[in-house]
Structure formats: structure tokens, C-alpha cells
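The block underneath contains the structure these notes are about, expressed in C-alpha cells.
The values are calculated or read from the model by the stated rules, or taken from the named source; none is laboratory data. This one's a predicted model, so the numbers in the text were calculated from it and none came from an experiment. Here Cβ is always computed from backbone atoms with ideal geometry, including for glycine, and neighbour counts include all displayed protein chains.
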Amino acid sequence: MKKTLKIVGVGLAVLVAVTVAFFVIWSGFDYEPSKQLHSLVDEKKVVKKDNYYVFKPQTNKEIKAGYIIYQGAKVEPLAYGYYAQQIANEGYLVAVVDSPFNMSFFSQNKATDIVKSYPKISAWFIGGHSLGGVSAASYAYDHQNSIKGLVLLASYPMNKNNFSTSTYPILSLTGEKDGLSTP
């Protein structure tokens, strides 16, 4: 009996070790920013904070509100640099979350830290791409009193997050030739 338990225990330990190793190797293959992005985004103006990147409006513009972006699964945060910079150019402070393994569900509540870091900003919007949209929607659902709007980029909320009684705007953007996201 003890020998059987020992074999089962060793087998489970090996299975867990192989699963963890597979996940670590798999998570290392990410979607990087395009080469074109480096010519479109002034990376000198991007500020790296604890687990997020900040894009600020031009110095002569007053900050209208904040916008937090959660990355899609296995997408590097700076891949959203052009999008973030364009929104910042319109007068918004934009924070792009940098999640462990580039998986947003590991940083779902990071928005709380970002909001606390900028107490002078009273209005916050949140959004995300793909799996990041699921994380953003979950955060928005749990913080309906503090979020002013939700943006879903090729994404949708989990079924348990019913926004039918939500009082803030929700924008959902999808591409007609997106072969991954379910409409």
C-alpha cells in the first residue's frame, strides 16, 4: 500500500512539474510590437511603472480622465503603444497593464493600484483586448461605482458579469474578419 502511494505521489509530482514547465515555455512565446510601432510611438515619453506603462497627454493639455488597458493573452503591453499614445494625445492618461506571463487574469485588480497612483484623476475608463477585455469587464463589473465606461476590443464579458443594468457606456469593437473572437 505504501509503495502504491509513493508511486502515485511521484507520478503526480512529475505531472505537476511537466505542466509548470510547459506553461513557462509556452508563455515565453508572445506577440511583440510590430517593427512599424517603433517609428510611430515616441518610446522616450513612455513611463514604465510597477507592472504598467504610462502614456501621458502632451504637456500643454489638461488630463480629461484616465484609461486603463488590459493586454490580450500573450500580447506584450507595448504592442498597444500606438493606440495608447493616440488616446493620450486626446488628453487622457493611459496606463497599459503589464501582467505576469502576459496573461491579464494574473493582474485583474491592477487597475486599483493605477487609480490610487493618480488621485487627481476623478474619472476612469477601463478596457481590454481579447482575454484582457474579460479581465477589464470583470474589474468594471466589480467596481461599477468608480468606473465611468468599458471598452471591449475583440472581447466580451463573462456570462456572470451582466451589464444590463449598468449606468455607464460600454463600447465593443470587433473586426469583421476576426477569426478568433466569437461575435
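Filtered by the rule that a residue be in contact with a helix residue (DSSP H, G or I) (Cβ under 9 Å, 6 or more places away or on another chain), of a type outside the set (F, W, Y) and surrounded by 19 or more Cβ atoms within 10 Å (Cβ to Cβ), the stretch 137-153 gives S138, A140, I147, L150, V151, L152, L153.
The set of residues in the stretch 154-183 being touching a strand residue (DSSP E or B) at 6+ places or on another chain (Cβ under 8 Å), loosely packed, with under 14 Cβ neighbours inside 10 Å and either under 24 Å from D98 (Cα atoms) or not assigned by TED's automatic domain parsing to the domain that holds N109 (or both) consists of L171, L173.
Output yes when any residue across the stretch 141-150 is more than 17 Å from Y92 (Cβ to Cβ) and among the aromatic types (F, W, Y), and no when none is.
From the stretch 141-150, those more than 17 Å from Y92 (Cβ to Cβ) are 141-145; that's our starting set.
Then drop every residue that is not among the aromatic types (F, W, Y), which leaves 141.
Scanning the stretch 141-150 turns up at least one residue that is more than 17 Å from Y92 (Cβ to Cβ) and among the aromatic types (F, W, Y).
If you go through the stretch 114-130 and keep only what is in contact with a Phe, Trp or Tyr (Cβ under 7 Å, 6 or more places away or on another chain) and in a helix (DSSP H, G or I), you end up with I114, V115.
Please enumerate the residues belonging to the stretch 130-147 that are out of contact with any Pro (no Cβ under 8 Å at 6 or more places or on another chain) and over 16 Å from V97 (Cα atoms). Within the stretch 130-147, D142, H143, Q144, N145, S146, I147 qualify.
For residues that are of a type in the set (G, A, S) and over 25 Å from A79 (Cα atoms), tally how many sit in the stretch 124-144. Give the derivation first.
Applying the first criterion (of a type in the set (G, A, S)) to the stretch 124-144 yields 127-128, 130, 132-133, 135-138, 140.
Imposing the further condition that a residue be over 25 Å from A79 (Cα atoms) reduces the set to none.
Residues flagged as of a type in the set (G, A, S) and over 25 Å from A79 (Cα atoms) within the stretch 124-144 amount to 0.
Checked against the criteria, S138 counts as in the same structural domain as L93 (by TED's automatic domain parsing), at pLDDT 90 or above and out of contact with any Ser or Thr (no Cβ under 9 Å at 6 or more places or on another chain).
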